[in-house]
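J.: Starting off with a structure, shown below.
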Amino acid sequence: MAKYPVLSKAPITEALIDIRVKVREDLKIEQIDSIYNSISREYPVKKTRSKFEGRLEFKKGDSPLSAVTETIDGYIFTSDDQKQILQARLDGFTFNRLKPYETWERFRDEARRLWEKYRKLTSPEIIRVALRYINRMEFPLPIKDFSDYLTAAPIVPAGLPQGVNSFLTRIVIHEPEIDAGGTITQALEQIVNPNILPIILDIDVFKQKSEGIKEEEAWQTLEKLRHFKNKIFFESITEKARGLFL
């Protein structure tokens with residue numbers, strides 16, 4: 001397994017661990033709510049999370065009737081400094097860390113500590129695990145070409161004007177060694193500072209199994225997904241770009 005350098009200036013703006021579970025008919029939203037009792041000191045801000053369902057009913061001779069219902073399907077708990085966020089839902093668990101990102105170990109360990117509380121209350125059956133890292137990379141202007149920094153830079157056909165105001169690319173790949181998927185999104189943000197080219201590199205890696213994933217396997221899989229994520233990141237940028245983050 002390849003080793004990659006630790007970046008002292010890593011451009012991570014947000015990282016998240018997501019664990020999707022099968023929805024249990026007998027699980028009540030009050031059970032999810034009760035997690036707050038054990039985390040309120042670290043995550044004092046609590047908000048409800050709702051889902052909306054629409055229904056369109058047709059009756060002969062009448063105009064269609066529509067109805068939208070709102071139900072609470074989970075809660076969002078936020079730390080005092082608003083850097084860490086836990087989503088505890090009927091269908092899963094998500095832990096977000098906003099910048100400054102510290103280390104994988106601290107991020108993973110806090111996610112697992114919170115997961116244990118969620119697991120004890122819900123007895124979940126895991127069906128999908130995922131890691132997502134959103135990177136905002138700031139490159140100095142002017143540049144000759146996007147390929148100075150990106151290995152899969154957008155290409156404008158030679159017969160067209162070469163000035164690019166915006167771009168968005170998205171591909172989904174498969175990693176057969178761990179049977180996982182990866183969604184790679186690149187986007188050029190609006191340029192506000194004339195000296196900086198802001199590019200988003202959004203990496204979402206995931207594995208799902210309809211037959212279920214055992215808990216220990218889920219956390220082992222997240223370790224593998226982390227290496228997959230790192231491979232995508234470092235293969236997506238040039239040596240020149242890497243040098244800016246060391």
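The values are calculated or read from the model by the stated rules, or taken from the named source; none is laboratory data. Given the structure is predicted, the values throughout are model-derived calculations rather than measurements. When we count neighbours, we look across all protein chains shown, and the Cβ atoms used for this are built from the backbone with ideal geometry, even at glycine.
J.: Has the range 213-233 got at least one residue that is within 30 Å of ILE127 (Cβ to Cβ), in a strand (DSSP E or B) and modelled with pLDDT of 95 or more?
T.: Looking through the range 213-233, at least one residue is within 30 Å of ILE127 (Cβ to Cβ), in a strand (DSSP E or B) and modelled with pLDDT of 95 or more.
J.: Among the residues of the range 167-194 satisfying the criterion of being surrounded by fewer than 10 Cβ atoms within 10 Å (Cβ to Cβ) and among the polar types (S, T, N, Q), which is farthest from ASN135 (Cα to Cα)?
T.: Top of the filtered list is ASN193.
J.: Is it the case, given these coordinates, that THR48 is at pLDDT below 95 and assigned to a strand (DSSP E or B)?
T.: Numbers: at pLDDT below 95: no; assigned to a strand (DSSP E or B): yes.
Taking the combined requirement at face value, the residue does not satisfy it.
J.: Still on this structure, I have one more. Against the definition (among the charged types (D, E, K, R), under 17 Å from the mean Cα position of the chain (by Cα) and closer than 30 Å to SER40 by Cβ), how does ARG132 come out, yes or no?
T.: Working: among the charged types (D, E, K, R): yes; under 17 Å from the mean Cα position of the chain (by Cα): yes; closer than 30 Å to SER40 by Cβ: yes.
Yes: the conditions hold for ARG132.
J.: Let me ask you something else. From (1) assigned by TED's automatic domain parsing to the domain that holds PRO198; (2) in contact (Cβ under 8 Å) with a residue 60 or more places away in the chain, pick out the condition that doesn't hold for PHE167.
T.: (2)
J.: What number of residues within the range 142-164 satisfy the criterion of being assigned to a loop (DSSP other than H, G, I, E, B), farther than 15 Å from ILE232 by Cβ and either under 21 Å from the mean Cα position of the chain (by Cα) or touching a residue at least 40 places away in the same chain (Cβ under 8 Å) (or both)?
T.: Just the residues of the range 142-164 that are assigned to a loop (DSSP other than H, G, I, E, B), to begin with: 142-145, 149, 151-164.
Cutting the leftovers down to farther than 15 Å from ILE232 by Cβ gives us 142-145, 149, 153-164.
Restricting the remaining residues to those that are either under 21 Å from the mean Cα position of the chain (by Cα) or touching a residue at least 40 places away in the same chain (Cβ under 8 Å) (or both) gives 143, 149.
Looking only at that region, the number is 2.
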